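The values are calculated or read from the model by the stated rules, or taken from the named source; none is laboratory data. Just so it is clear, the model here is predicted, and its values are computed rather than measured. Using ideal geometry, Cβ is built from the backbone for each residue, glycine included, and neighbour counts are taken over all protein chains shown. All accessible areas refer to the heavy atoms of the entire protein, side chains included, with ligands and DNA or RNA removed. Shrake-Rupley method; radii C 1.70, N 1.55, O 1.52, S 1.80 Å.
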Protein chains: 4
Amino acid sequence: MNLRKIVQESDTVPGRVFDIAVLVLIAISIVSLSVETLPDLSPRLKQALSSLEIGITVLFTVEYGLRIATAPNKWKYIFSFYGAIDLIAIAPFYLFLGIDLYAIRAFRLFRVFRILKLTRYGRAMDHFGKAILEIREEATIFILATMLLLYLSAAGIYYFEHDAQPDAFQSIFHSMWWAVATLTTVGYGDVYPVTAGGKAFTFVILMCGLGIVAVPAGLISSALSKVRRDEEH
Amino acid sequence: MNLRKIVQESDTVPGRVFDIAVLVLIAISIVSLSVETLPDLSPRLKQALSSLEIGITVLFTVEYGLRIATAPNKWKYIFSFYGAIDLIAIAPFYLFLGIDLYAIRAFRLFRVFRILKLTRYGRAMDHFGKAILEIREEATIFILATMLLLYLSAAGIYYFEHDAQPDAFQSIFHSMWWAVATLTTVGYGDVYPVTAGGKAFTFVILMCGLGIVAVPAGLISSALSKVRRDEEH
Amino acid sequence: MNLRKIVQESDTVPGRVFDIAVLVLIAISIVSLSVETLPDLSPRLKQALSSLEIGITVLFTVEYGLRIATAPNKWKYIFSFYGAIDLIAIAPFYLFLGIDLYAIRAFRLFRVFRILKLTRYGRAMDHFGKAILEIREEATIFILATMLLLYLSAAGIYYFEHDAQPDAFQSIFHSMWWAVATLTTVGYGDVYPVTAGGKAFTFVILMCGLGIVAVPAGLISSALSKVRRDEEH
Amino acid sequence: MNLRKIVQESDTVPGRVFDIAVLVLIAISIVSLSVETLPDLSPRLKQALSSLEIGITVLFTVEYGLRIATAPNKWKYIFSFYGAIDLIAIAPFYLFLGIDLYAIRAFRLFRVFRILKLTRYGRAMDHFGKAILEIREEATIFILATMLLLYLSAAGIYYFEHDAQPDAFQSIFHSMWWAVATLTTVGYGDVYPVTAGGKAFTFVILMCGLGIVAVPAGLISSALSKVRRDEEH
């Protein structure tokens, strides 16, 4: 069936046109979403954006129908990652008519990745996929260790700074915000230790925290090296 | 003996249940510790959390007893890393009845890692262990060089900024706080150079400081690559 | 023809002198550009800098002419990367006599790289070139994923913080500034979330954002490793 | 000669004692230097620190003499890196009696590295040395490219922000401070762009700037991997 080729593949001219049309729709949808949040829009522009949103959603619904109709295995598609993303891109509109959930509309961006899968970027995507598989367990341990370090940092700084800055470090939960901003080295500067003990503690925590950037870089690097080496043989 | 299998291993159903029960206890203990630090708790909730803490400590004590009783080599367990962590999780409660050391209770989190050792994460933990062993000496030199750079940064910025900002850069010890926040690129913004000399010095120091993130990433990456390569052969 | 050797190559003494003369001219041009931006310059210094600029541009024009004259393939040179840079270094002066475009004059710095190509740094430049080629597609996907994450961060933080801080998070476009400063871990501290939801969202985003530093480090590392390995065989 | 063994080597008991004595002296010297900078010292403590400094310098002078006396090649030692450091550790005291140069005294810390060379850390030091040699040229290009990016950032932000913030971005030289703090992701928050153009420019610059952390990490990682691989064969 020809429709299947157009919707599911991208090695024919109509297939590419379909893919590009979907990409353009996603782009329009995202720009429209962003413009809607601008302050002081004229009522006419608001009306136009609202109509545009309805149009895009209808087109996405048609596309979703086509994808189900042409899928070799309909249920597999519906419950796949891309099937879920395609549904999330349209479902909120029908479920909460009127109440528009901006945040969920932003998820439409994920649809971009499907297009990549079909093109020459497939091999590179495959590299990332294999690398993630290779370090799945190390990454889990790393994330666990990071959470642990974050919690210990929050508990520690609460202990040192609570008396000096009872507002910024009200509880371990409040101290967690400091721990996140510090260990990722963002350092907004809205909260920081002022006592000598708190500063010394921060020093120790930051030395451990260097690993928070270094370990994932090392993991990804060694995994990608392995993937490339495996490819050569 | 069956009890040993339950406590020490996790490949039987009761063994897994025991492990999960300990994990849940740790989680409850940590949540309870965090909630206790919240301001404006009702006296009743405080009372409840206090009772919960007693209950958890009793259960951890029973678990500690079981681990000693079922350990193949009792003294080895008691003086092992995990034995020490298990003791630290309960000892403060008995030693300082009434005076509760929050910070030490947070160390209970380390107990989470024992569970990992027994499961399929064992191999990944092993990778990290071998990688650390591989770069032990390089890491020591790196830490030493970092300390040196931190000290030289603090001494240098003290020299440049002391006259312009006598409060923030009171002494080399005070300047150390700036050095830590700057070289780790946290940059809270509570202290920063204002003189042209101090800014130029910061520029030079930061160029060296790029290595502070790059060297550990490189070390971990090369070590993990080696561990994977060794595994292949 | 001897002039060709002097202009195009650098393995003879006059060739090296020519290269160094161009480097010195670039350096003078850059220093002059920087000094011109200093406030409170005396009219005489301004006049001198202006004359210097005319002199340098004339010399660069002569050089550009020489390069065209001695190029083995004139059109190829004119439309090459270095040909374009050489033209950009002089064209604005003639096109907008009087209106000086500082920003464009700064591009003259790129001319420095041509000199590198000819010297012993050629092999190292080659390493970087091969490494970029190796990871071209992975890098494209990474940049796309980064843009996506930036957009989702901006949309998310707008959702959480718009009501609490309508000024800082006026729209998704305004929130993008926060997303950039946060995900790159710069963290100026001019905008940051204040609500519990916004802080929790920032935590999640920053955990993903660790990859923004780790993935390029891993990509570059694995590509350079491959380039070195290929060289050995 | 036995004295040579004690001073130059560290595989005998007296040799180790000599090394440790020097390490202790360096440590005392650094602590004393730091304490001297503390505000509100009593005149007696100041006097004591001053005497301590004289004592340490005399001991370092004796050591320097011993090292010259026992060196197999006296001139080679005097003009070596460690010979220079040893001289810098004492010379300022004799040259500027009374005027104490704190900053130079901090350089004594470098002497710590000599001790490392002799011990089991020698092999790890060797790894770093070989890795640096391996990437010497790539590192030079990287540093050059970083300088270039810094300059272009400073020139660009001056162009965008000079009119809006004439104080913070007075000239390209002043803008350089912003460029350094931003590209290294320190982000103190004392200067940041406020115009839309400046923010967009910062976005572009930061995307390039990710390489400033990623490239050295990748270089070091690939070089250390190579050094390890060479060692295996």
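Just a few scattered comments:
- Cα gyration tensor category, rounded, prolate or oblate, for chain D with a/c compared to 1.5: oblate
- The distance linking region D:1-79 with region C:164-233 is 47 Å (Cα centroid to Cα centroid, whole angstrom).
- Each copy carries a label point for B:R16 at 7 Å from Cα along the beta-carbon vector; from one copy to the others these points are 5.2, 5.2, 7.3 nm apart, nearest first.
- Cβ neighbours within 10 Å from other chains - mean over C:25-34: 2
- Peptide B:174-183 is shielded by partner chain Cβ atoms: per residue, an average of 5 of them sit within 10 Å of its Cβ.
- For region B:3-121, the spread of Cα positions along the three principal axes, ordered from largest to smallest, is 46, 28, 22 Å.
- Given chain A, longest segment not containing exposed loop chymotrypsin sites (Phe, Trp or Tyr not before Pro) (DSSP; at most 11 other Cβ within 10 Å): A:97-233
- Candidates C:L183, D:W178, C:S32 compared by Cα position along the dipole of the protein assembly as shown: farthest toward the positive end lies C:L183, with charges placed on Cβ.
- Shielding by partners for peptide B:81-89, expressed as the average number of C-beta atoms from other protein chains within 10 Å of each residue's C-beta, is 0.
- Ranked from shortest, the separations from the 7 Å Cα-to-Cβ label point of D:I88 to its equivalents in the other copies are 3.9, 3.9, 5.6 nm.
- Taking region B:3-121 and dividing mean pair separation by its residue count, relative contact order in percent (alpha carbons under 8 Å, at least six apart): 30
- Normalised contact order of chain C, rounded percent, pairs of Cα under 8 Å and 6 or more residues apart: 16
- Helical runs (DSSP H, four residues minimum) scored at -39500 (n - 2.57) apiece and divided by the length of chain B put the mean residue ellipticity at 222 nm at -25000 deg cm²/dmol.
- Comment: the Cα-to-Cβ extended label point of C:I132, at 7 Å, lies 2.8, 2.8, 4.0 nm from its counterparts in the other copies, nearest first.
- Helix A:196-232 axis, angle to chain A major axis (alpha carbon atoms, nearest 10°): 40
- Computed accessible area, A:D190, all protein chains, 1.4 angstrom probe, square angstrom: 50
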